[in-house]
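Everything below concerns the one structure shown next.
No lab work stands behind these numbers, since they all come straight from the coordinates. Since this is a predicted model, take the numbers as computed values, not measurements. Heads up, the Cβs are rebuilt from the backbone with ideal geometry, glycines too, and the neighbour counts pull from every protein chain shown.
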Amino acid sequence: MGDKLDRILEIERQLISQGRDTATDRCVIDTLIEGLLHGEDIDIRERCASALRWVSDDSVTAPLVESISNLQEASFVREMAIEAVSYHNIDVAIPALLECLRDTSPEVRYWAIDVIGVSGFSDAIAALKDLAEHDSAVIDTGGSIADAATRAIATILESNEPD
C-alpha cells in the first residue's frame, strides 16, 4: 500500500503546485478516479478525493458523487469527496448532498451543509432550517451542525438576492 499511497500523494503535490486551471493528463485523472472508487485502503481513497479538488476537469464530478452516495464508504472519504465536489459541478451533486443531510455521520452532514450553502440551492432551505433547529451534533473540530446550517441559509439567501 505504501507505494500506491506515495504515488497518489506525489500526484496531489504536483496538482497543487500547478494550480486548478492547469490542464491535467487524462491518465492522472483516471488513476485518481480508480483510486477513489476502488482503492483497497481508506487513506488511498481519501487522498484521491483530495487530489481531485485540484483537477480542472468536471468529468470527475460523477465519480465524486458516486463516492458521496456510497453509504458503505468511510465517512472520512465521503467528507473529502464532498469538499472536492465543491470545486466542480455542484449542481450535479445536489441530490446526493441533500441525502447527506440525513446521514448518521455528523461530519458528512456538516460538509454537505457547507457545500449546499455555497451552491445557493434555495430548495434546501427547509431542510437546513430543520437542522438548525433540531441537530445539536458537533463535529471533531468543534463545528456545530446547527451553526453550519444557519450560515448556509444566510449564504443561500444572500446569493439569491436580486442585484
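For region 89-163, the spread of Cα positions along the three principal axes, ordered from largest to smallest, is 37, 22, 20 Å.
Restricting the calculation to alpha carbons of region 96-135 gives Rg and Dmax of 9.1, 24 angstrom. In sequence order, region 70-79 has phi-based couplings of 7, 5, 7, 6, 4, 4, 4, 6, 4, 4 Hz under the Karplus curve 6.51 cos²θ - 1.76 cosθ + 1.60, θ = phi - 60°, and Gly or Pro positions carry x.
Shape index of the chain: Rg/Rh, with Rg the Cα radius of gyration and Rh the Kirkwood radius from the inverse mean 1/r over Cα pairs, equals 1.00. Taking a quarter of the surface of the Cα convex hull of region 47-101 gives a mean projected area of 3.2 nm². Dividing the Cα radius of gyration of region 7-92 by 2.2 N^0.38 Å, with N the residue count, gives 0.96. Charges were assigned to the Cβ only: +1 to each Lys and Arg, -1 to each Asp and Glu. The resulting dipole of the chain about its Cα centre is roughly 80 debye. In order along region 83-99, the phi-based Karplus estimate (6.51 cos²θ - 1.76 cosθ + 1.60, θ = phi - 60°) of 3J(HN,Hα) comes to 4, 4, 5, 5, 8, 10, 8, 4, 4, 5, 8, 3, x, 5, 5, 5, 4 Hz; Gly and Pro are listed as x.
For region 41-54, the Karplus equation 6.51 cos²θ - 1.76 cosθ + 1.60, evaluated at θ = phi - 60°, returns couplings of 10, 4, 5, 5, 4, 5, 5, 5, 4, 4, 5, 5, 4, 8 Hz by residue, with Gly and Pro reported as x.
Could you compute the net charge surrounding I44? Neighbours are other residues with a C-beta less than 12 Å from the C-beta of I44; K and R count +1, D and E count -1.
On the way: positive: K4, R7, R45, R47; negative: D3, D6, E12, E34, E40, D41, D43, E46.
Around I44, the surrounding residues sum to -4.
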